[in-house]
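The values are calculated or read from the model by the stated rules, or taken from the named source; none is laboratory data. As the structure is a computational prediction, the values presented were derived from the model and not from experiment. Note that we place each Cβ from the backbone using ideal geometry, even for glycine, and neighbour counts take in every protein chain shown.
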């Protein structure tokens, strides 16, 4: 008579640990120490990657660094305890000793390996980490970045902490960071919606950086910047001779993003005929190069962006409703600068600091800052950056920018 075998509890699993740390050298030392004790170690460069690994394959123990590049430690622990209450958690200072969750019977082996990992080179543990790879810095003109310190980004009044790519503490901006963190570990399609100049591509890059696909390509395509006749070949690729001027075959943007993230900017401008072909790819993961009959399977995570309402476009018939529903599984809205105008001083300080990195430092006078704070910013953060750069040039050699150098132009063409 056949018997059913129960799934092993975490304590009965082979010696398997997920090690979450941005410090490559530390990970190597702990991994080597655990390997001597016959542990299998899966490494993660951040919190989102560690959670994704646990979701795909169980582990007996999670080893957590004192700092993560993408999530605050308490944020990671809260999500970890909610999703994996039966997995042991060990932090570098063993601060999890009071947790009520399950304990690994081999916890002492992990603590021993941690001590070796911290002490083997005689260095102070809280020194700057040796990062496996730099934090993504592919930043479009309208957005802001901050250097990433080895401390957690603080939240304000209990709100979720902002990601280091963003400037400002307005609740609308903090909500953008929160939603990015929530969806980044998953392969879910994301639609980023917001006015021009609010950093929609920055959101897409942050999603990629925090996802398990971070080591794979990030490929961007502006659907409004390529002529309709060429957009299909640009997306799907083409064979030699597929159309006039195709003197050689070419891989399309979708195929180039295999394993990674495909960012489709201004998706609302895509022609209806091409929307049908994109829909087929979204549904089955297969594409056909122009001029070729054999399908090609491609694994990409799609992030689309638009400054228009796709829901309204679909109602009007200029955007396929079925494609809209497949792209807008998870929605992130980027607010206009007018919505978080109190962040203008921080943005100004950031842009001045970035411009002063290669040129003499300048500051913004109080009269100039007052003009900036009173402006309506129809061009959003991109307009703000261009106004500051114009003022920097107009100030010539003077170290302080005054209200006289603040010029807003006469319309959208000015920025």
**Prompt:** Within the group 231, 207, 163, which residue is at pLDDT below 90, assigned by TED's automatic domain parsing to the domain that holds residue 329 and in contact with a helix residue (DSSP H, G or I) (Cβ under 7 Å, 6 or more places away or on another chain)?
**Reply:** 231
**Prompt:** From the list 78, 52, 48, 35, which one is over 10 Å from residue 19 (Cβ atoms), surrounded by 24 or more Cβ atoms within 10 Å (Cβ to Cβ) and either touching a strand residue (DSSP E or B) at 6+ places or on another chain (Cβ under 7 Å) or at pLDDT below 90 (or both)?
**Reply:** 48
**Asked** Between residues in segment 34-51 that are outside the structural domain of residue 211 (by TED's automatic domain parsing) and in contact (Cβ under 8 Å) with a residue 60 or more places away in the chain and residues that are part of a helix (DSSP H, G or I) and crowded, with 24+ Cβ neighbours inside 10 Å, which pairs lie under 7 Å by C-beta distance while being six or more apart or on different chains?
**Response** 34/113; 37/113
**Prompt:** Does segment 329-353 hold any residues that are within 19 Å of residue 201 (Cα to Cα) and touching a strand residue (DSSP E or B) at 6+ places or on another chain (Cβ under 6 Å), and which are they?
**Reply:** 330, 331, 332, 333
**Asked** Taking the stated definitions as given, is residue 376 modelled with pLDDT under 95, assigned to a loop (DSSP other than H, G, I, E, B), on the phi > 0 side of the Ramachandran plot and assigned by TED's automatic domain parsing to the domain that holds residue 349?
**Response** no
**Request:** Restrict the check to segment 286-305 and report whether at least one residue is within 21 Å of residue 324 (Cβ to Cβ), in a helix (DSSP H, G or I) and either at pLDDT below 95 or not assigned by TED's automatic domain parsing to the domain that holds residue 233 (or both).
**Result:** no
**Complete:** The condition from (1) at pLDDT 90 or above; (2) buried (at least 17 other Cβ atoms within 10 Å of the Cβ) that residue 68 misses is numbered (1)
**Message:** Given the condition over 19 Å from residue 282 (Cα atoms) and over 23 Å from the mean Cα position of the chain (by Cα), answer yes or no: does some residue in segment 324-333 qualify?
**Reply:** no
**Asked** Among all residue pairs at least 6 apart or on different chains, which show Cβ distances below 7 Å where the first residue, located in segment 344-363, is over 20 Å from residue 199 (Cβ atoms) and the second is in a helix (DSSP H, G or I) and at pLDDT 90 or above?
**Response** 362/352; 362/392; 363/352
**Prompt:** Do any helices (runs of 4 or more DSSP H) entirely within segment 308-369 hold 2 or more residues that are modelled with pLDDT of 90 or more and crowded, with 20+ Cβ neighbours inside 10 Å, and if so, which?
**Reply:** 321-327, 344-355
**Message:** Given the condition surrounded by 15 or more Cβ atoms within 10 Å (Cβ to Cβ) and at positive phi, answer yes or no: does some residue in segment 258-277 qualify?
**Reply:** yes
**Asked** How many residues does segment 279-306 hold that are closer than 16 Å to residue 190 by Cβ and buried (at least 19 other Cβ atoms within 10 Å of the Cβ)?
**Response** 7
